[in-house]
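A quick write-up on the structure given underneath.
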């Protein structure tokens with residue numbers, strides 16, 4: 001096998017470059033391509049408040065698009081966290097997975113005290129007979145493609161830069177649940193989504209692309225606590241799907257976050273809010289018209 005190890009959160013353009021190297025090499029050598037990831041994310045295991053960019057289902061789907069043959073999801077626990085990196089290589093990657101090539105990112109580390117690295121793998125090559133390969137970092141418009149940078153731009157309300165680093169728009173998925181009907185009474189019915197993703201972008205109004213079954217619609221996405229009509233409520237993720245009239249309750253929607261329109265704020269009255277929503281929807285329609 002040609003094996004790569006990493007966290008692969010978001011499967012951004014840097015991960016895609018690594019995956020292309022793995023898949024291409026495997027096909028050239030008549031081998032299987034395999035990727036090893038961990039659950040939970042190691043940073044979460046050590047107590048960091050990391051909001052993941054993808055659900056496991058999304059990660060699997062993106063790996064399939066990249067041509068991966070196999071994806072191994074290892075439980076990250078005290079044993080894996082404290083394992084000698086040579087034991088991890090010899091027992092997991094070589095003995096269990098029969099890796100002939102091990103491909104890692106430019107800064108990837110693993111094993112006890114993060115002492116495993118590309119340089120460490122190169123030291124083990126003569127002893128075990130595999131080949132270690134390092135893939136350089138990918139920089140787009142001067143910005144390193146990394147999961148942390150993508151999180152930063154999304155939480156700052158910049159989905160377009162995040163999309164540039166991801167290689168696609170950031171998307172959220174979840175089941176449509178019943179709301180309180182306030183948006184419908186205002187004339188802008190929304191689907192309230194119980195989002196599966198951990199990372200939800202900055203509060204505000206966004207242009208969005210909505211996937212419903214096998215069809216695609218444009219829409220206005222709202223993220224926030226609705227300060228004008230429901231002060232003190234928890235964060236909501238709602239989307240007004242342009243041109244869609246049917247019942248969505250119980251369906252799973254996927255929403256691509258396309259463009260930040262404005263931040264969330266309190267309005268002086270419901271009428272003022274309603275007028276602004278109409279302006280927002282008009283601006284979103286113009287945005288999509290310009291994309292065509």
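Against the conditions (1) touching a residue at least 12 places away in the same chain (Cβ under 8 Å); (2) over 17 Å from residue 104 (Cα atoms), residue 49 satisfies every one except (1).
Only one entry of 266, 285 meets the criterion of being outside any loop (DSSP other than H, G, I, E, B), closer than 27 Å to residue 158 by Cβ, assigned by TED's automatic domain parsing to the domain that holds residue 193 and over 22 Å from the mean Cα position of the chain (by Cα), and that entry is 285. Between 125, 91, 78, 62, the distinction of being surrounded by fewer than 18 Cβ atoms within 10 Å (Cβ to Cβ), out of contact with any strand residue (DSSP E or B) (no Cβ under 7 Å at 6 or more places or on another chain) and at pLDDT 90 or above belongs to 91 only. Every test in (1) at pLDDT 95 or above; (2) over 26 Å from residue 94 (Cβ atoms) is passed by residue 137 save one, and that test is (1).
Yes/no matrix, rows are residues, columns are (1) over 26 Å from residue 57 (Cβ atoms); (2) at pLDDT below 90:
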residue: 204; (1), (2): yes, no
residue: 214; (1), (2): no, yes
residue: 220; (1), (2): no, no
residue: 232; (1), (2): yes, yes
residue: 236; (1), (2): no, yes
residue: 239; (1), (2): no, no
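Scan 116, 111, 105, 174 and give me the residue that is surrounded by 16 or more Cβ atoms within 10 Å (Cβ to Cβ), touching a residue at least 60 places away in the same chain (Cβ under 8 Å) and in the same structural domain as residue 94 (by TED's automatic domain parsing). Residue meeting the stated conditions: 105.
Counting the residues of the range 24-52 that are at pLDDT 95 or above and under 21 Å from the mean Cα position of the chain (by Cα) gives 2.
Evaluated against (1) in contact with a strand residue (DSSP E or B) (Cβ under 8 Å, 6 or more places away or on another chain); (2) modelled with pLDDT under 90; (3) in a helix (DSSP H, G or I), residue 272 falls short on exactly one condition, (1). For the range 94-106, the set of residues classified as closer than 18 Å to residue 8 by Cβ and in contact with a helix residue (DSSP H, G or I) (Cβ under 9 Å, 6 or more places away or on another chain) consists of 99, 101, 102, 103, 104, 105, 106, listed by residue number. For the range 46-59, the set of residues classified as in contact with a helix residue (DSSP H, G or I) (Cβ under 9 Å, 6 or more places away or on another chain) and buried (at least 16 other Cβ atoms within 10 Å of the Cβ) consists of 50, 52, 53, 54, listed by residue number. Applying the selection to the range 239-276, what residues are farther than 21 Å from residue 212 by Cβ, in contact (Cβ under 8 Å) with a residue 60 or more places away in the chain and out of contact with any helix residue (DSSP H, G or I) (no Cβ under 8 Å at 6 or more places or on another chain)? Matches in the range 239-276: 263, 264, 270, 273, 274.
The values are calculated or read from the model by the stated rules, or taken from the named source; none is laboratory data. Since the structure is predicted, the reported quantities are computational estimates derived from the model, not experimental observations. Here the Cβ is made from the backbone with ideal geometry for all residues, glycine too, and neighbour counts use every protein chain on show.
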